[in-house]
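S.K.: Have a look at this one.
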């Protein structure tokens, strides 16, 4: 999640909040649901090591603007998926059935 690439404290705090408070709880709910349904989950890869952003070479390091833009695109995509779940295809003109 590019936490190692930024030194902007506000951006880092927003990314940590999204992981700690949102993604982990949703991931646990989905994992618990799948396990209750008898679906085996693959082993996870574990947490990535923390790095010092000053040690990342300039050509490999993403800028704070690039990171923020990437997060905006991901959030907009997630909002679209939520919208599609609230309004199935028959609400906006396509029944999904062929004539």
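The values are calculated or read from the model by the stated rules, or taken from the named source; none is laboratory data. Predicted model only: the values in this text are computed from it and were never measured. Using ideal geometry, Cβ is built from the backbone for each residue, glycine included, and neighbour counts are taken over all protein chains shown.
S.K.: Go through (1) modelled with pLDDT of 80 or more; (2) within 18 Å of the chain's Cα centre (by Cα); (3) outside any helix (DSSP H, G or I) for residue 48 and report which single condition fails.
M.R.: The single condition residue 48 does not satisfy is (1).
S.K.: Kindly establish whether residue 71 is surrounded by 12 or more Cβ atoms within 10 Å (Cβ to Cβ), assigned to a helix (DSSP H, G or I) and at negative phi.
M.R.: Judged against the criteria, residue 71 is a match.
S.K.: Can you tell which of 24, 66 is part of a helix (DSSP H, G or I) and within 12 Å of residue 2 (Cα to Cα)?
M.R.: Of 24, 66, the one residue that is part of a helix (DSSP H, G or I) and within 12 Å of residue 2 (Cα to Cα) is 66.
S.K.: Select from region 1-21 the residues that are part of a loop (DSSP other than H, G, I, E, B) and touching a residue at least 24 places away in the same chain (Cβ under 8 Å) and write down the one among them that is surrounded by the most Cβ atoms within 10 Å (Cβ to Cβ).
M.R.: So in region 1-21, the residues part of a loop (DSSP other than H, G, I, E, B) come out as 1-2, 6-8.
Okay, now just the ones that are also touching a residue at least 24 places away in the same chain (Cβ under 8 Å), so 2, 6-8.
Values: 2: 17, 6: 21, 7: 11, 8: 16.
Result: 6.
S.K.: Restricting attention to region 31-54, which residues are exposed (fewer than 10 other Cβ atoms within 10 Å of the Cβ), in contact with a helix residue (DSSP H, G or I) (Cβ under 9 Å, 6 or more places away or on another chain) and within 23 Å of residue 3 (Cβ to Cβ)?
M.R.: 48, 49, 50, 52
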